[in-house]
Amino acid sequence: MAIYFWWLDYFTPAGRAFASLFLLAMFAGAIPGFWAAWIFGGLDFLLFLGLVFSLFVTAKRSKIQVESVSVNRVREGETATVTAYLAVRSTIDCVNLGANRLPPSLTGIESDNVKIKVGEPPRKLECFVKTTRRGSFMLTKVSANVPEIMGLLRWPYGYNGSVELLVYPRALKVQDFPFLTQGPSGMAFAPFLMPSLTRGMNFVGVREYREGDSLRDLHHKAFARYGKPFTKEFEVERGAGVILLLDTATPNFKSRQYLEHAIRLTAAVGEWLLDREILGRFFIDSEEIALDGGSESRKNLLDALARIPPASLAHGKLPSPWTPAARPMDPVLRVGLYEGEDSFVNKQIVVGASTESSRDSLLVISPADCGKLESGTVVL
């Protein structure tokens, strides 16, 4: 593995092509009478001998410092941007920025080559990382790459540190959520969807009408101007809200296949509750995730979901009782991979095999329905 990383770090694409052709020529030369392969192999070898001199007169004399590396947060399947500032002590005719030694689910794309003159302020460069799955990844090899004069080899000047790339769960949107207020178990959630019971007295603005808004809060002037209903928005009384719980236990092999679906569904439900300002507390197993309010609440929610380790196919996580630090006083909505028996939970969504149950507090998403979660819109 170390040889593979050395190959990627110190060889340019052109250099890898010449080195590969040299090895191919050696194998082709083993064929009796195929003397042309040895001629090509000899010329290729002489070309690489010429690199010894060029390395000392170009890249080795460069002085580069990589500063202030940062990376933005993205969703599954999106491309993240890695930003860094390069400071030089001598003029660099050709340099680019790249993120190397990445996990298999990430693909690095280097920036364009640029020229940086001595005396310039630190130059901003951006490279890119394509993502395929959710997770927390440490980028430990962000470097400025300076090719030697022949363009076959290069010297990477690495950043003295690492930066965390957070890949959020794939964006799903809850279009409708009748399950939350369905049946007797939904009576505890219904008041939170009635703004007249949780609003304050201070008027803060106007927003588009949502299902469940009180008709007495309609803003008639905005309705007449834009031709669609708008609702007056008041300051929300804090201190109460729905408690969202994600149980990441994977009791069997089948359930481990659906952990990512449960995480995506939790993200969609959590954002739906945040949009209505009724998410009071959020738990992953028995650990509470702090919600700081405003836009930080969404960031804290998605950050915590991105940092959940992926399910191990070899070893499952055994179920354990939910033990919050304080007894919950508000209704609890649980998302998990098996049907739990916790007296604190009012409603639960199970992502896994179908089960026969007539309880209004249980919603089971079968394996066949898990594929529908990829469409981007969920109706629960």
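With the highest mean first, a sort of the peptides 116-129, 217-230, 72-85 on other beta-carbon atoms found within 10 angstrom per residue produces 72-85, 116-129, 217-230. Residue-wise HN-Hα couplings along the stretch 103-108, as the Karplus relation 6.51 cos²θ - 1.76 cosθ + 1.60 with θ = phi - 60° gives them from phi, are x, x, 7, 10, 10, x Hz; Gly and Pro carry x. Listed by chain and number, the lysines placed with their C-alpha closer than 18 angstrom to that of Lys317 are Lys254; residues fewer than eight positions away on the same chain are left out.
Site pair Ser312 and Ala87 shows an inter-label distance of 4.3 nm when each label is modelled 7 Å from Cα along Cα→Cβ. Highest mean packing first, where packing is the average number of other Cβ atoms within 10 Å per residue, the peptides 63-70, 164-171, 99-106, 139-146 line up as 139-146, 164-171, 99-106, 63-70. A simple rule links phi to the HN-Hα coupling: the Karplus curve 6.51 cos²θ - 1.76 cosθ + 1.60 with θ = phi - 60°, which for the stretch 67-78 gives 10, 6, 7, 9, 9, 7, 8, 9, 8, 3, x, 8 Hz, with x for Gly and Pro. 3J(HN,Hα) along the stretch 298-314, derived from phi through the Karplus expression 6.51 cos²θ - 1.76 cosθ + 1.60 where θ = phi - 60°, amounts to 5, 5, 5, 4, 6, 4, 5, 5, 5, 8, 5, x, x, 5, 8, 6, 8 Hz, with x in place of Gly and Pro.
Total lysine pairs in the stretch 63-168 at Cα distances under 24 Å, for residues eight or more apart or on different chains: 8. The stretch between Ala249 and Ser286 holds 12.2 nm of extra length on full extension. This uses 0.36 nm per residue minus the Cα-Cα distance. Legend: calculated FRET efficiency, Val114 to Phe45, from the Cβ-Cβ distance at R0 = 41 Å, rounded to 0.05, equals 0.80.
Any read-out appearing in this document is the output of simple, stated calculations on the displayed coordinates, not a laboratory observation. This structure is a prediction, so every number in the text was calculated from the model and none was measured. Because the Cβ atoms are built from the backbone with ideal geometry, glycine has one as well, and the counts that use them run over all protein chains shown.
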